[in-house]
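The values are calculated or read from the model by the stated rules, or taken from the named source; none is laboratory data. No experiment lies behind these values; they were computed from the predicted model shown. Please note: Cβ atoms are built from the backbone with ideal geometry, for glycine as well, and neighbour counts cover all protein chains shown. Just the protein is used for accessible areas: all its heavy atoms, side chains included, with ligands, DNA and RNA removed. Shrake-Rupley method; radii C 1.70, N 1.55, O 1.52, S 1.80 Å.
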Amino acid sequence: MLTPLHGPTARVDAVVDGLGTDGVVIVEEALAPAVLEAARAALDALLPETPTGRNAFEGFRTRRVYSALGKTRALDPLALHPLVLGASDRVLRHHWISATVGISIEPGEQAQLVHHDDAIYPLPQPHPDVMVSAMWALDDFTAANGATVLFPGTHRSAEPPRPVTRPVAAAMQAGSVAIYLGTLWHGGGANTTDRRRLGVTFEYLAGWLRQQENQVLVLPPERAAEVPERLQELLGYAVFPPFMGYVDGRSPLRLIPGRERDR
């Protein structure tokens with residue numbers, strides 16, 4: 001079993017320690033009620049126009065709001081949450097946001113194939129950590145409604161969990177977050193209830209790897225001007241030291257209106 005941290009008192013050191021030991025940490029009450037309600041309402045407005053998945057991995061009874069940061073500003077506080085960013089900074093150092101996906105697991109959905117998020121990169125095993133994911137619960141997550149199924153301790157294994165390995169359902173109240181390494185084996189749970197399970201995931205990626213979503217097209221310079229500077233950098237308007245990602249020899253931040261004179 002995982003012992004959750006309490007959001008108002010949780011510290012980055014505790015999150016990083018938990019990631020090293022188990023590969024995953026759950027933080028309860030991480031969001032203020034107003035931020036939670038705004039995020040839920042924003043995704044509720046987008047879901048009616050969102051199709052269900054195209055294959056079993058996406059989920060034939062799951063709706064995925066891709067490129068979520070391009071569709072609402074209500075998720076910005078989640079993307080910039082200091083506890084998640086602090087842990088990502090420590091684990092990955094220079095990094096950016098790879099993918100932002102709202103996920104509504106509908107009644108009758110089957111359990112997702114168990115996987116690890118950084119498997120899409122052809123890196124030799126084992127390898128240094130290149131990804132930290134954050135799954136935010138916008139509804140209460142339960143074992144019955146599709147809470148993410150986690151396999152603590154598998155973050156250092158290249159092989160799928162053995163059948164005898166007992167998973168842990170990330171049961172948590174709305175406003176909580178599960179933070180886990182990209183090497184952790186996990187999957188979406190089955191929803192055997194008559195209600196959906198809504199969450200949103202953010203994947204933070206080492207800056208020398210290509211993002212899954214092309215965030216500078218999701219939010220081109222004119223729209224990137226709407227968000228805080230830190231989020232602009234996380235979207236990809238930044239240089240990975242010493243000089244990866246520049247435009248005309250300078251930081252791409254200078255392409256954002258209002259930032260032309262910045263260093």
Task: Sole exception among (1) part of a strand (DSSP E or B); (2) over 22 Å from residue 103 (Cα atoms); (3) among the hydrophobic types (A, V, I, L, M, F, W, C) for residue 202, by number - done: (2)
Task: Scope region 126-138; condition surrounded by 21 or more Cβ atoms within 10 Å (Cβ to Cβ) and either under 18 Å from residue 27 (Cα atoms) or of a type outside the set (Val, Ile, Thr) (or both); matching residues - done: 131, 132, 133, 134, 135, 136, 137, 138
Open item on the list: The conditions are (1) hydrophobic (A, V, I, L, M, F, W, C); (2) closer than 19 Å to residue 148 by Cα; (3) at pLDDT 95 or above, and residue 2 fails exactly one of them. Which is it?
Closed with: (3)
- [ ] Output the residues belonging to region 211-263 that are hydroxyl-bearing (Ser, Thr, Tyr) and in contact (Cβ under 8 Å) with a residue 12 or more places away in the chain.
- [x] 237, 251
Open item on the list: Just the residues that are without any contact (Cβ under 8 Å) to a residue 60 or more places away in the chain and either at positive phi or out of contact with any strand residue (DSSP E or B) (no Cβ under 8 Å at 6 or more places or on another chain) (or both), please, taken from region 58-81.
Closed with: 72, 74, 77
Task: Out of 228, 241, 257, 220, sole residue that is open to solvent by 30 Å² or more (accessible area, probe 1.4 Å), touching a His at 6+ places or on another chain (Cβ under 9 Å) and farther than 30 Å from residue 147 by Cβ - done: 241
Task: Single residue of region 96-108 satisfying the filter (open to solvent by less than 20 Å² (accessible area, probe 1.4 Å) and not polar (S, T, N, Q)) that is farthest from residue 222 (Cα to Cα) - done: 105
Open item on the list: I'd like to verify a number: residues in region 148-179 that are within 23 Å of residue 17 (Cβ to Cβ), over 20 Å from the mean Cα position of the chain (by Cα) and loosely packed, with under 15 Cβ neighbours inside 10 Å, how many?
Closed with: 2
Task: Residues located in region 68-93, provided they are among the β-branched types (Val, Ile, Thr) and surrounded by 23 or more Cβ atoms within 10 Å (Cβ to Cβ) - done: 84
Open item on the list: Filter region 35-56 down to the residues that are over 18 Å from residue 172 (Cα atoms) and open to solvent by 50 Å² or more (accessible area, probe 1.4 Å) and list them by number.
Closed with: 41, 44, 45, 48, 49, 51, 52, 54, 55, 56
- [ ] Only one of these is in contact with a Lys or Arg (Cβ under 7 Å, 6 or more places away or on another chain), of a type in the set (Gly, Ala, Ser) and under 30 Å from residue 38 (Cα atoms): 199, 187, 146. Name it.
- [x] 146
- [ ] Scan region 117-147 for residues that are out of contact with any helix residue (DSSP H, G or I) (no Cβ under 8 Å at 6 or more places or on another chain) and under 21 Å from residue 17 (Cα atoms) and jot them down.
- [x] 117, 118, 127, 128, 135
TODO: Any residue in region 136-155 that's over 16 Å from residue 108 (Cα atoms): show its pairings with residues that are part of a strand (DSSP E or B) and open to solvent by 20 Å² or more (accessible area, probe 1.4 Å) at Cβ separation under 7 Å, as long as the two are six or more apart or on different chains.
DONE: 149/169; 150/168; 152/168
Task: Failed criterion for residue 187 (all others in (1) modelled with pLDDT under 95; (2) of a type in the set (Gly, Ala, Ser); (3) within 17 Å of residue 107 (Cα to Cα) hold) - done: (1)
